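The values are calculated or read from the model by the stated rules, or taken from the named source; none is laboratory data. All of these numbers come straight from a predicted model, not from anything done at the bench. Heads up, the Cβs are rebuilt from the backbone with ideal geometry, glycines too, and the neighbour counts pull from every protein chain shown. Just the protein is used for accessible areas: all its heavy atoms, side chains included, with ligands, DNA and RNA removed. Shrake-Rupley method; radii C 1.70, N 1.55, O 1.52, S 1.80 Å.
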Amino acid sequence: MKTITLKAGKERSLLRRHPWIFESAIAQGAADAGETVRVQSHEGQFLAWAAYSPASKIRARAWSFVEAHCIDAAFLIAACASAIRARTRFDINSDSVRLIHGESDGLPGLIVDRYGDTLVAQFLSSGAERWKDVLADALLSTTGLSRLYERSDASGRVREGLPEVSGWLRGNGPVDLVLREHGWQLGVNIATGHKTGFYLDQRDSRAKFAQYAARLKFERVLNCYCYTGGFTVAALMGGAAHVTSIDSSGPALAQAAANLALNGLAPDRATFMDADVNASLRQFGAEGRAFDAIVLDPPKFAPTVAHADRAARAYKDINRLAFKLLAPGGVLFTYSCSGGISADLFHKIVASAGIDAQMDGYIVDHMGGAPDHPMTINFPEGEYLKGLVVMRK
């Protein structure tokens, strides 16, 4: 077994069971991509078994902090089973669920979502890639399913020095699927859709938005960065009179319109705009338009802390523009999925946007990822999605 020795004082995070070992923390040692290494302190104390990644700034990711463990097929099969078993204890109102959430489930770099009877997996680290076949078989064996589609085409693969890969890994079948959540349906394409096909992490937020629509009887709703219209369907199923939805992807908007039909919703209750969100918000402001509810669910503006300053300006701008369009008593659901933006910083950004818009409001809800996208005690980076619900005074 190859050994990685850390620089003096760099063992603290591993003693707290944080799974990442950065290149800058290593004094000596190397291995092949995905190979299991023994990580030890400068004094030789065992710290973890980890998968080595020679191309990444995160040079190794811990599989286990128990010296007696052997990182083999049996270990990984047990880890998959444990993660999937945990989902049976979560409150999930859907036939589609995240079964494995990477480091939070002790399987660094592995993302697995279930859409009905089909699994979609992302192998995003060298360790997950090295054990791909074992993991694929374990996932199918544990779930009793026969189809697994690979979506290892995310940017994280590039940082690991791995090529982008997508296609059927086990079995085959349709890539256009329909998921069910909260009593409604949403179309998903697992080959071309964002992430593994859809934003399952916003499941609870969609339910909350539908509840607000039913309680406050929204007349005019604006859904920005609407993608395939999850929040649009939620608002209309909650009883909103009309939703204007904006996205810059024509295919996503086509699926959003199809999602209305899937749920028996009248097409005249929605307007879909293939347009830039910032420009549209400014145009609506110039026209004097106002909305009872606005959703801001933009793409990742800050993938790392290094991008935080630029991202903060972008988040502030769209929130300021949205606040100006919010009717008195109206509700803003605003989100950041950027790992480089903390919940505290996001709160400050939204507050600053409100001040610039000369608007005050009540923070009536804090939102996060659905429970099948967990943050753990030892891995706070798992909390990438954060949201605020602000009601204008």
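Remarks
- Hz values of 3J(HN,Hα) by residue in the range 93-100 - Karplus curve (6.51, -1.76, 1.60), Gly and Pro given as x: 9, 6, 8, 10, 8, 7, 8, 9
- For the range 162-225, the list of trypsin sites (Lys or Arg not before Pro) that fall in a loop by DSSP and count at most 12 other C-beta atoms within 10 angstrom reads K217.
- Between helix 277-286 and the chain: long-axis angle, C-alpha atoms, 0 to 90°, nearest 10: 20 degrees
- Segment R89-M375, extension gain: residue separation times 0.36 nm, minus the distance between their alpha carbons: 101.4 nm
- The angle between the Cα long axis of helix 73-87 and the main principal axis of the chain comes to about 30°, on a 0 to 90 degree scale.
- For the pair R310 and M1, label points projected 7 Å from Cα toward Cβ lie 4.2 nm apart.
- Rounded to the nearest 10 Å², the accessible area of V178 at probe 1.4 Å: 60 Å²
- Degrees separating the helix 132-143 axis from the principal Cα axis of the chain, which is the longest one: 60 degrees
- Subtracting the Cα-Cα distance of T192 and S166 from their residue separation scaled by 0.36 nm leaves 8.4 nm.
- The simple spin-label model puts a point 7 Å past each Cα toward its Cβ; for A55 and K348 those points are separated by 3.6 nm.
- FRET efficiency estimate (nearest 0.05) - Cβ-Cβ, F46 to S24, R0 25 angstrom: 0.75
- When all protein chains stay in place and ligands, DNA and RNA are ignored, the 1.4 Å accessible-area order of M375, M359, M273, M1, largest first, is M1, M375, M273, M359.
- Here K208 is the anchor, and the lysines within straight C-alpha reach of less than 28 Å, apart from those fewer than 8 places off in the same chain, are K195, K217, K300, K316, K324, K348, K386, K393.
- A simple rule links phi to the HN-Hα coupling: the Karplus curve 6.51 cos²θ - 1.76 cosθ + 1.60 with θ = phi - 60°, which for the range 346-363 gives 4, 4, 5, 4, 5, 4, 5, 5, x, 4, 5, 7, 6, 9, 10, x, 8, 7 Hz, with x for Gly and Pro.
- The range 26-77 shape via C-alpha gyration tensor axes, a/c threshold 1.5: oblate
- Simple spin-label estimate for A81 and A254 in nanometres, 7 Å along Cα-Cβ: 4.5 nm
- Excluding the site residues themselves, the longest part of the chain lacking any GluC sites (Glu not before Pro) in a DSSP loop with at most 14 other Cβ atoms within 10 Å is 288-393.
- Chain lengthening between D317 and Y362 when straightened (0.36 nm per residue, less Cα-Cα): 14.2 nm
- Trypsin sites (Lys or Arg not before Pro) lying in DSSP loop within the range 68-102, provided at most 14 other Cβ fall within 10 Å: R89
- FRET efficiency for the N263 to R17 pair, using the beta carbon distance and R₀ = 56 Å, is estimated at 0.80.
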